[in-house]
Amino acid sequence: MIITLTIVRYPKYSIPFAILSMALFRLPLWLTQGITFWKLLGCGKNGSFDIQPDLTQWGLLAVWEKEEDFNRFQQNSFLQKWWKVFTKNQWTVVCQAYESHGKWDGKNPFHTHVTDKNYQGKIAVLTRASIRLSKLKGFWSNVPQVASNLQQAKGFITSIGIGEMPFIRQATFSIWESLDDVKQFAYRQREHADVIKRTRKEDWYSEELFARFIPIRIEGNLNEKPILDYTNATA
């Protein structure tokens, strides 16, 4: 099993084609061989949970039975042909699942984990939640401080704010230099640790999932910049 996240950016004049693609892509994805889970995603503007959508940037998160299935998709799919015509840059990260807990649409799609718990290297993190309507104010009031701290955290490389539904179903995908850096931010950075405690105490989420991945390959341009062209020979 491998996990891929592809982020594409459309020119402003192509935004209508970006929005249209969210409907058109569903049938080809349902028919794609070797794909076991997928989500078409919108993006926030500032690299984390963001109340302001970026209508020029869109994403696809997918789980594949084998890397060969994804490679075939990259070469021959309707989505790739569409992106080649209408987008101006594309960024893709290919990962193995390291560990995960929680649910996404009632299941954990990243259930097959890497057995090597001594892994040392770059790590990707997905934090995803469905926010209760009654807790939206509390959630969004805490986002700016946490997002600011994320950008300044030791070992932080980059992040993308993604989501299935504005305001309610939100996620952040981030890449770090090491697992120790992730743990330092998640559990020992005071503001972030306090927010985690509040989410539990006040029951902000109707569903949540937290996953860590080992990046195998990263290529392309994110926000029109080459972000970490990378191949992990040990993954």
Checklist outcome for this item: Those residues of the stretch 77-100 that are among the small types (Gly, Ala, Ser) and farther than 30 Å from TYR119 by Cα come to a total of 1
Next on the checklist: Checking TYR10 against (1) buried (at least 18 other Cβ atoms within 10 Å of the Cβ); (2) aromatic (Phe, Trp, Tyr); (3) under 15 Å from the mean Cα position of the chain (by Cα): exactly one of these is not met. Which one?
Outcome noted: (3)
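I'm trying to understand the selection: among the residues of the stretch 113-129, which are under 17 Å from the mean Cα position of the chain (by Cα) and assigned to a loop (DSSP other than H, G, I, E, B)?
First, the residues of the stretch 113-129 that are under 17 Å from the mean Cα position of the chain (by Cα): 122-129.
Within the stretch 113-129, just LYS122 meets the criteria.
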Item to check | All positions within the stretch 170-213 that are among the aliphatic types (A, V, I, L, M), touching an Asp or Glu at 6+ places or on another chain (Cβ under 9 Å) and modelled with pLDDT of 90 or more | outcome: ALA211
Next on the checklist: Checking the structure you have, find out if any residue of the stretch 49-56 is touching a residue at least 40 places away in the same chain (Cβ under 8 Å) and under 14 Å from the mean Cα position of the chain (by Cα).
Outcome noted: yes
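Checking the condition in contact (Cβ under 8 Å) with a residue 60 or more places away in the chain, within 23 Å of ILE160 (Cα to Cα) and within 15 Å of the chain's Cα centre (by Cα), which residue from PHE110, PHE86, PHE70 passes?
On the way: PHE86 fails: within 15 Å of the chain's Cα centre (by Cα); PHE70 fails: within 15 Å of the chain's Cα centre (by Cα).
Matching residue, one of PHE110, PHE86, PHE70: PHE110.
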Next on the checklist: Within the stretch 115-125, does at least one residue satisfy the condition of being of a type in the set (Val, Ile, Thr), at pLDDT 75 or above, surrounded by 14 or more Cβ atoms within 10 Å (Cβ to Cβ) and in contact with a helix residue (DSSP H, G or I) (Cβ under 7 Å, 6 or more places away or on another chain)?
Outcome noted: yes
Checklist entry - Listed residues GLN57, GLN80, GLN90; which is more than 17 Å from ALA171 (Cα to Cα), among the polar types (S, T, N, Q), in a strand (DSSP E or B) and at pLDDT 90 or above? => result GLN90
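The values are calculated or read from the model by the stated rules, or taken from the named source; none is laboratory data. Bear in mind the structure is a predicted one, so any value in this text is a computation, not a measurement. Glycine gets a Cβ as well: all are built from the backbone with ideal geometry, and neighbour counts include every protein chain shown.
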